[in-house]
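Below is one structure; the comments refer to it alone.
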Amino acid sequence: MGYKKPSFIENIAEKIGLIPNLHKEAYQEADKSMMQFSEKELAEMYKNFPPPEKWDNWVEYDPKVWPKKEKKTYQIVPTTCFNCESACGLTAFIDKETNEVKKFEGNPYHPASRGRNCAKGPATINQIHDTDRILYPLKRKGKRGDGEWERISWDEALDTVAARIRKALKEDRHNEIAYHVGRPGHEGFMEWVLPAWGIDGHNSHTNVCSSGARFGYNLWYGYDRPSPDHAEAKFILLISAHLESGHYFNPHAQRIIEGKMNGAKLATMDPRLSNTASMSDYWMPSYPGTEAAVMLAMALIILQKGLYNRAYLENWTNWQEFLKALHPEKEVTFDNYIQAMIETYSEFTPEYAEHESGVKAEMIKEVAVKIGEAGERFASHNWRSAGASNLGGWAVARCLHFLQVLTGSVGTKGGTSPNAWNKFHPEVPHPAKPQKKWNELHFPKEYPLAFFEMSFLLPHFLKEGRGKMDVYFTRVFNPVWTYPDGFSWMEALMDESKFGCHIALTPTWNETAFFADLVLPMGLASERHDLNSYETHGGTWIAFRQPVLREAARRNGKKVKYTYEVNPGEVWEEDEFWMELTWRIDPDGSMGIRKHVESPYRPGEKITIEEYYQYIFERVKGLPEVAKKEGLTEFAYMAKYGAFDIEKGESYKKNEHLLSKEALVGSEVDKVTGVIRKNGKEIGVMIEGKAMVGFPTPSRKNEFYSQTMVDWNWPEYSIPTYIKSHIHNEVLNKANNEYVLVPTFRLPTLIHSRSGNAKWLVEISNRNPIWMHPLDADKFGFKTGDLVKINTDIGYFIDKVWVTQSMKPGVIACSHHIGRWKREQDENGNRWAVNTVKIENNGDGQWKMRTIAGIKPYESGDKDSKRIFWKDGGVHQNITHAVHPDPISGMHTWHQRIRIEKPGKDEQYGDIFVDTNKAHEVYKEWLTMTRPAPGPGGLRRPLWFKRAFRPDESTFKITTD
Ligand code: SF4
């Protein structure tokens, strides 16, 4: 971003004072790039942001009254954005006259975002001033889903829910209580709360999001996410659009660009010419689901050309195990290992990969060589996209990590580290022991390797009578809209024998909250506390999301006991909600629950939010010393700056850390494998005569060969493999106009179903047409704007066509986020984005939805609501998708085999039809692909596998009582 010279007209206008002379500002005079960010340049950049000593009294001109020059005085308080998982830093500018938040800017003290945000960060201001937001606790009147509500007090809400939970716990119905979360936030908080209740009650959205990729990474090295060091890389390979909208979007995007500015080359594998692909040196438009074939071809080239890192492969992969298991005829030598890999992958020629993927063989060869040459400085990332979309999608991450292993770029500077090396884990006060319950509604026997809860199958499990949900919380979670098969969710949620009490914790209305019993308003990003830490780069940091008006009040000497005192209406924050609820479940402490939410500083009394975070911050490496230098408590330091850098660039090669003498006392070394064990558990491995920590796998190395896969009945996948997807070209009936629909791509401006309350964002993006290449459009005679009927396994939706060369021929795509709806009887919410629909059900699982009104201007306290110019709110596609659980990772595989046709005469834009009986049949069909537990030793799951909210080890064994 270089300095842009003022035009002739600008020059004149500035000189005669018609417009302010912006060009005299120092930061705009800089003619060198601002993107390289040396320490010195960062210091320069900070200069252009109000310095912290002025944050309580910052004066600047009010842009709204320009060209008049009116000064405004602000108090500036840091917090973090909640509009995606990155948790970038924000600073709230609070008007000192009105005590109102006027805008959000970046926080330069945040180590990941470094003062910058995407469009969604500043749009937090829209969300907090949303005129449709929910301000008071509500209880349903009439039947669930009828749309009638009455206001109740928080006391009534809390006491009702607490009593119901208490009763369930006392009757040993622990597995009927669940907290189902979409976007989590607070690191460690629910791990503190739910085990305190003794329940295995966590359910997440992860199996519709990232568990495919997580599984692939986990098999290799026991960590389930990558942390690429883009800024230091020489070559970057992205599966899908990470630069514009993928995981850790803004922090990654700025570092990818930094890497490029420093000479790195970028390749992107994506059937769509995304913004990321357009910025890449190599766009590899692969046919969906064939990515693993391309990567195995690249692996073969690296092996054949000798571009692999011999020392790394020899020390840090379990090659001896591989040879012994799969090539007993060969002598166990390293050269035989290389030879065996070359033989194993010999069919993956660039030409075969081209045949599968459509990516030119020449490009595959060129990229493979570049990756090999980058060596330890090869960074890559796969998150949702291919890993989340294909039967066997987990194999994409596994094959991608194979390239990391071959180049020895695992955990190196400019390479890709395990996430846990760049992530902080808090110590919480009075932690509970792991629960002694295993909830089979979340982790059923059919999916013993599922990387997270099988949450999207819940309606089907309930339909089969596997159990019920008596107390069911949804939080930042909207399965009726976001999940596949939303009508099955709607049917289940309306049935009180399946969901006894549904409590929606939400700041704003959504399609799932319409089917709740209690709707409890929760604070937005700047109205709640959270701790954040993510693996955005080579380093470890924490950030503090805080209610900015509460912090401003604290600085101004006003006492605030609870966050709701400063929030609008009666909006609570979630941390205080869970603390209060936990206390009320066990008011006298007799159930052993209350003690977990007692103050660590005032025995027997209820913990406060400051105490909870002060306890954590006191235990952050380096923070007490830094805070002390400023004469602040750890809490006050975090409240002041909003973030803290724990480790800067010291996070590499942690597998080589030496085991301490104390750790080695009582340990034994396996003479054959070098694995070091203590009390029956692997704690490290001998490498070149040194006792190193290694990786958390059975071999403590990268497992090229997985005995776990063999033991759990998947021997065909014992090594990295290409698995043909459920939407592979071979299974599509082209004569019947079958195509693959890519329904997963995110827009950089929206957030799943959470951005309908942000007017600026919806103004930018409000339609989701079908992307179609001109060759495909010609085949059907479609022009841009024509209606198209997309038939799925269980129904159809009618959308419009967008003819574009940005789509790979033979593949169509439809973006996520758009097509929000409400019925006529539902409360107003998100009116910037929501269509009004009519839903009909024939009583036998056949559902129809028709849009009866699009988006229109409306009267409200926000003048912009009268200025809405867009009418089209798009089409809800996910509700027409059947569930497709991968039998191994448990991931819902999003890509759809669809049939394209022209709509009939009476069919309209936005029409939707779904048959939930068919949906249940598809669920059963996919269930037959599973290979259920028990595994070795009668286990439900391999003991070394991670599990969210891991229960006591005793629960891993299946008992027959
Ligand atoms: S990338 Fe954008 S939406 Fe995500 S946390 Fe950062 S500013 Fe917010």
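Within segment 121-141, identify whether any single residue is among the polar types (S, T, N, Q), in contact with a Phe, Trp or Tyr (Cβ under 7 Å, 6 or more places away or on another chain) and near the ligand (Cβ under 9 Å from one of its atoms), and answer yes or no.
The answer is yes, given that some residue of segment 121-141 is among the polar types (S, T, N, Q), in contact with a Phe, Trp or Tyr (Cβ under 7 Å, 6 or more places away or on another chain) and near the ligand (Cβ under 9 Å from one of its atoms).
Could you tell me how many of the residues in segment 788-811 are in contact (Cβ under 8 Å) with a residue 60 or more places away in the chain and either in contact with a helix residue (DSSP H, G or I) (Cβ under 6 Å, 6 or more places away or on another chain) or among the aromatic types (F, W, Y) (or both)?
Residues flagged as in contact (Cβ under 8 Å) with a residue 60 or more places away in the chain and either in contact with a helix residue (DSSP H, G or I) (Cβ under 6 Å, 6 or more places away or on another chain) or among the aromatic types (F, W, Y) (or both) within segment 788-811 amount to 6.
Name the single residue, out of those in segment 85-104 being in contact (Cβ under 8 Å) with a residue 40 or more places away in the chain, of a type outside the set (S, T, N, Q) and out of contact with any His (no Cβ under 9 Å at 6 or more places or on another chain), that is farthest from the ligand (Cβ to nearest atom).
So, considering only residues that are in contact (Cβ under 8 Å) with a residue 40 or more places away in the chain, of a type outside the set (S, T, N, Q) and out of contact with any His (no Cβ under 9 Å at 6 or more places or on another chain), the one farthest from the ligand (Cβ to nearest atom) is I94.
Could you check segment 357-366 and list, in sequence order, the residues that are assigned to a helix (DSSP H, G or I), buried (at least 23 other Cβ atoms within 10 Å of the Cβ) and either over 28 Å from the mean Cα position of the chain (by Cα) or among the acidic types (D, E) (or both)? Spell out how you get there, then give the answer.
Initially, segment 357-366 is screened for residues assigned to a helix (DSSP H, G or I), giving 357, 361-366.
Among the residues that remain, those that are also buried (at least 23 other Cβ atoms within 10 Å of the Cβ) are: 357, 364.
The one that is assigned to a helix (DSSP H, G or I), buried (at least 23 other Cβ atoms within 10 Å of the Cβ) and either over 28 Å from the mean Cα position of the chain (by Cα) or among the acidic types (D, E) (or both): I364.
Need pairs with beta-carbon distance below 9 Å; first residue touching a residue at least 60 places away in the same chain (Cβ under 8 Å) and farther than 21 Å from E573 by Cβ and within segment 117-142, second part of a strand (DSSP E or B) and away from the ligand (no atom under 16 Å from the Cβ); sequence gap 6+ or separate chains.
From residues that are touching a residue at least 60 places away in the same chain (Cβ under 8 Å) and farther than 21 Å from E573 by Cβ, the pairs are R140/E148; R140/W149; R140/E150; R140/L518; R140/V519.
I'd like to verify a number: residues in segment 343-362 that are in contact (Cβ under 8 Å) with a residue 60 or more places away in the chain and β-branched (V, I, T), how many?
2
Please count how many residues of segment 611-645 are loosely packed, with under 15 Cβ neighbours inside 10 Å, acidic (D, E) and touching a strand residue (DSSP E or B) at 6+ places or on another chain (Cβ under 6 Å).
Counting residues in segment 611-645 that are loosely packed, with under 15 Cβ neighbours inside 10 Å, acidic (D, E) and touching a strand residue (DSSP E or B) at 6+ places or on another chain (Cβ under 6 Å) gives 0.
Read through the list (1) over 32 Å from the mean Cα position of the chain (by Cα); (2) surrounded by fewer than 21 Cβ atoms within 10 Å (Cβ to Cβ), then give the number of the only condition that V685 fails.
So the condition that V685 fails would be (2).
Tell me yes or no: at least one residue of segment 58-71 is within 16 Å of the ligand (Cβ to nearest atom) and either over 18 Å from A112 (Cα atoms) or surrounded by 24 or more Cβ atoms within 10 Å (Cβ to Cβ) (or both).
no
Can you name every residue in segment 833-891 that is outside any loop (DSSP other than H, G, I, E, B), among the aliphatic types (A, V, I, L, M) and either at pLDDT below 95 or closer than 30 Å to E921 by Cβ (or both)?
Start the filter on segment 833-891 by keeping residues that are outside any loop (DSSP other than H, G, I, E, B), which leaves 834-841, 846-853, 863-866, 878-880, 885.
Imposing the further condition that a residue be among the aliphatic types (A, V, I, L, M) reduces the set to 834, 837, 839, 849, 852-853, 879.
The answer is V837, I839, M849, I879.
Got a sec? Which of G212, G201, G185 is within 16 Å of the ligand (Cβ to nearest atom) and in contact (Cβ under 8 Å) with a residue 24 or more places away in the chain?
G185
So in segment 265-279, with the set limited to residues that are without any contact (Cβ under 8 Å) to a residue 40 or more places away in the chain and surrounded by 22 or more Cβ atoms within 10 Å (Cβ to Cβ), which one is nearest to the ligand (Cβ to nearest atom)?
T276
For segment 447-457, does any single residue satisfy the condition of being part of a strand (DSSP E or B), modelled with pLDDT of 95 or more and among the acidic types (D, E)? Break it down into steps so the answer makes sense when it comes.
Step one: filter segment 447-457 for residues part of a strand (DSSP E or B), giving none.
Taking every residue of segment 447-457 in turn, none turns out to be part of a strand (DSSP E or B), modelled with pLDDT of 95 or more and among the acidic types (D, E).
The values are calculated or read from the model by the stated rules, or taken from the named source; none is laboratory data. If you're wondering where the values come from, they're calculated on a predicted model, not measured in any experiment. Quick reminder, even Gly has a Cβ in these numbers, built from the backbone with ideal geometry, and neighbours come from all protein chains shown.
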